[in-house]
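> Got a structure here, written out as structure tokens. Questions coming.
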Amino acid sequence: MAKKLWGGRFKKEIDSDFDKFQSSIHYDWKLAEYDIYHSMIHIGALLKMKILKPDEAKKLNAALEEILDEVKRRQFKYNPENEDIHTEIQNRLTEKLGEIALKLHSFRSRNDQIAFDERYYCIIEAIRILELLSEVISTFNELANRYKGEFFIGYTHTQRAQIIRFKDYLLAYLWMFGKDSDRLDSFLKNLKIPIGCGALAGSYIKKEAYQETIKQVIKSMGSIFKDTKVTLSKNPLSDVSDRDFLIEFLSILSILQMHLSRLAEDLILYSTKEFNFLILPEEFCTGSSLLPHKKNPDFLELLRGYTSRVYGNLVSLLTLMKGLPLTYNRDMQLDKEPVFSSVEIIEEELKILAKFIKGIKLNKKAISKAIKEDQNLYVTEVAEYLTEKGVPFLKAHDIAGRLIRFAEEKNKKIKELDNKTLKKFFLNKKIINKIFNPNFVIKRRRSLDTEAESKLKAFLRF
Ligand code: ARG
């Protein structure tokens, strides 16, 4: 059995089943890099406090660099007998350096380490998700530009409503993703990484020792943090107890996942034979083992399906933290898997989505056929035209409704009705021909902010 970071007060060996049950190394190894940074900062502080001698600090740092190198080369292998990542790294250092490694854990606790590691993880992954999101955003933009002048049909209640531009439909998702990016940005802005918590009550290490070493280590790490995110804990009790940042991160990811799920549903519907508006890229679809004709939108179905996991992870964390007394409790060890799971799902989804969007084709023929055939798409404009001419809107609404009913009962298109008939509805053929034109319809949408696109671009920084 691997050495623990505790044990002196115990007479009996830990039960082997319980030991396995309480270990977290099989998932918290993912925090290795951040745990090493915590140790590097800590070494600097111990040096300033004269707990470590300069050559000891040097040896410890060199050994940590070796492990860091393994992590960065993705060669890091943990010993499953170690309880957690903190134990793993400590034991490795002890094996390599002997007694001096035992000094490293002076005045710190795993509660302090994990509070640091998890926050660091969130920052790195939030930045990664922002990058992936911006790739998705630019592929949406590419698609919008490719089909700039094309029309589309807008729905409410999954019923045809009005003619829109395909580009505006796509930009609707860009606004949604833009707000997701904004939420991630402000999450990043607000998240600070505390250090010096001890187990809960603070540490013997002087404030000044920490402050100096934080500056030095962050600089030497070539940190991605322009402004120092690592700060001395203002209230260690709060910092070791707090997992709000994880809940906040998972909430942001859940909203993003909800957007992805709505997109998936839209694309699934629009690519069915019934709609036939979009053609999906074949390389992201699968076939049926029985039905030779099938081209199933599996990527989109999984994108929609994974929402259950991402929401579940958020609920799992909220439930985990509910009613926990201050400060650290072992329950909190279970906070990692839900976070890793949501982060990994979202990253994978965004990576594939960026490629998927590039391959989408608009079935222009099917759309113009639908627009031509469906007279209902123009009747709102008919009602509005009558309103402009002085008919009170609800009366105009009624006239347009009766016009539809009349045409349907006669099994005719509105465009086919003669002037005599149209007159009963205060209309004539000339007016109908003018209104029943998608370009006319789009031009009438005066509330559309013509600057909106450039505002969106500035907002999304592309
Ligand atoms: N692996 C633990 C966790 O993730 C680290 C903290 C352990 N602290 C303790 N007092 N047992 O929560």
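The values are calculated or read from the model by the stated rules, or taken from the named source; none is laboratory data. This one's a predicted model, so the numbers in the text were calculated from it and none came from an experiment. Note that each Cβ is placed from the backbone with ideal geometry, even for glycine, and that neighbours are counted across all protein chains shown.
> Consider only pairs whose beta carbons are under 9 Å apart and that are at least six residues apart or on different chains; among these, list those whose first residue lies in region 331-350 and is among the hydrophobic types (A, V, I, L, M, F, W, C) and whose second residue is within 16 Å of the ligand (Cβ to nearest atom) and not in a helix (DSSP H, G or I).
Going by the 9 Å Cβ cut-off, the qualifying pairs are Met332/Arg243; Met332/Leu324; Leu334/Ser24.
> Taking the residues in region 206-220 that are at pLDDT 90 or above and part of a helix (DSSP H, G or I) as candidates, determine which candidate is nearest to Leu47 (Cα to Cα).
Once the filter is applied, the top-ranked residue is Ala209.
> Okay, next question. Scanning region 356-380 for residues that are assigned to a helix (DSSP H, G or I) and touching a Pro at 6+ places or on another chain (Cβ under 8 Å), which turns out nearest to Leu417 (Cα to Cα)?
That would be Ile371.
> Also: With respect to Lys369, determine if the residue is outside the structural domain of Tyr311 (by TED's automatic domain parsing), touching a residue at least 24 places away in the same chain (Cβ under 8 Å) and surrounded by fewer than 13 Cβ atoms within 10 Å (Cβ to Cβ).
Answer is no for this residue.
> Related question: What is the residue count in region 115-158 for residues that are farther than 30 Å from Asn437 by Cα, basic (Lys, Arg) and more than 16 Å from the ligand (Cβ to nearest atom)?
Result for region 115-158: 1.
> Tell me yes or no: at least one residue of region 72-94 is in a helix (DSSP H, G or I), assigned by TED's automatic domain parsing to the domain that holds Lys30 and over 37 Å from the mean Cα position of the chain (by Cα).
Yes, region 72-94 has at least one match.
> A follow-up question, please. Please find, within region 68-86, the residue that is farthest from the ligand (Cβ to nearest atom) out of those that are farther than 18 Å from His26 by Cβ and either touching a residue at least 24 places away in the same chain (Cβ under 8 Å) or touching a strand residue (DSSP E or B) at 6+ places or on another chain (Cβ under 9 Å) (or both).
Among residues in region 68-86 that are farther than 18 Å from His26 by Cβ and either touching a residue at least 24 places away in the same chain (Cβ under 8 Å) or touching a strand residue (DSSP E or B) at 6+ places or on another chain (Cβ under 9 Å) (or both), the one farthest from the ligand (Cβ to nearest atom) is Lys72.
> Going through Ile89, Ile100 one at a time, which residue ends up being within 16 Å of the ligand (Cβ to nearest atom) and either in contact (Cβ under 8 Å) with a residue 60 or more places away in the chain or out of contact with any Gly (no Cβ under 6 Å at 6 or more places or on another chain) (or both)?
The match here is Ile89.
Listed here are the residues, each with its yes/no results for (1) over 16 Å from the mean Cα position of the chain (by Cα); (2) acidic (Asp, Glu); (3) more than 28 Å from Gly154 (Cβ to Cβ).
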{"residue": "Leu302", "(1), (2), (3)": "no, no, no"}
{"residue": "Thr319", "(1), (2), (3)": "yes, no, yes"}
{"residue": "Ser341", "(1), (2), (3)": "no, no, yes"}
{"residue": "Asp374", "(1), (2), (3)": "yes, yes, no"}
{"residue": "Glu381", "(1), (2), (3)": "yes, yes, no"}
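> Taking the criterion of being outside any helix (DSSP H, G or I) and more than 12 Å from the ligand (Cβ to nearest atom), would at least one residue in region 107-114 satisfy it?
yes
> Given the criteria touching a residue at least 40 places away in the same chain (Cβ under 8 Å), in a loop (DSSP other than H, G, I, E, B), outside the structural domain of Leu334 (by TED's automatic domain parsing) and crowded, with 21+ Cβ neighbours inside 10 Å, does Leu60 qualify?
no
> Among (1) within 16 Å of the ligand (Cβ to nearest atom); (2) touching a Pro at 6+ places or on another chain (Cβ under 7 Å), there is one condition Leu47 misses while meeting the rest; what is its number?
With respect to (1) within 16 Å of the ligand (Cβ to nearest atom); (2) touching a Pro at 6+ places or on another chain (Cβ under 7 Å), Leu47 is out only on (1).
> Another question, then. Which one of these is part of a loop (DSSP other than H, G, I, E, B) and either surrounded by 15 or more Cβ atoms within 10 Å (Cβ to Cβ) or modelled with pLDDT of 95 or more (or both): Phe426, Phe462?
None of the others qualify; the one that does is Phe426.
> Here's something else I'd like to know. Have a look at Leu377, Leu324, Leu320 and point out the one that is farther than 30 Å from Ile414 by Cβ and crowded, with 18+ Cβ neighbours inside 10 Å.
Answer to the check: Leu320.
> Considering only residues that are assigned to a loop (DSSP other than H, G, I, E, B) and among the β-branched types (Val, Ile, Thr), look in region 1-51 and name the one that is surrounded by the most Cβ atoms within 10 Å (Cβ to Cβ).
Ile51
> Does any residue of region 255-267 turn out to be assigned to a helix (DSSP H, G or I), modelled with pLDDT under 95 and touching a Phe, Trp or Tyr at 6+ places or on another chain (Cβ under 7 Å)?
No, the conditions are met nowhere in region 255-267.
> Give region 286-344 a look and list any residue that's within 16 Å of the ligand (Cβ to nearest atom), among the hydroxyl-bearing types (Ser, Thr, Tyr) and not in a helix (DSSP H, G or I), or say none.
Residues satisfying the conditions are Thr327, Tyr328.
> Just need a number here: residues in region 230-258 that are of a type in the set (Val, Ile, Thr), touching a strand residue (DSSP E or B) at 6+ places or on another chain (Cβ under 7 Å) and buried (at least 19 other Cβ atoms within 10 Å of the Cβ).
1
> Only one of these is surrounded by 13 or more Cβ atoms within 10 Å (Cβ to Cβ) and touching a strand residue (DSSP E or B) at 6+ places or on another chain (Cβ under 7 Å): Ile435, Ile404, Ile414, Ile442. Name it.
The match here is Ile442.
> Quick check on my filter: what residues within region 429-459 are among the charged types (D, E, K, R), within 49 Å of the chain's Cα centre (by Cα) and at pLDDT 90 or above?
Hit for region 429-459 is Lys434, nothing else.
> Moving on. Which condition does Leu422 not pass, out of (1) in contact with a helix residue (DSSP H, G or I) (Cβ under 7 Å, 6 or more places away or on another chain); (2) under 30 Å from Lys148 (Cα atoms), if it passes all the others?
So Leu422 meets the others, but not (2).
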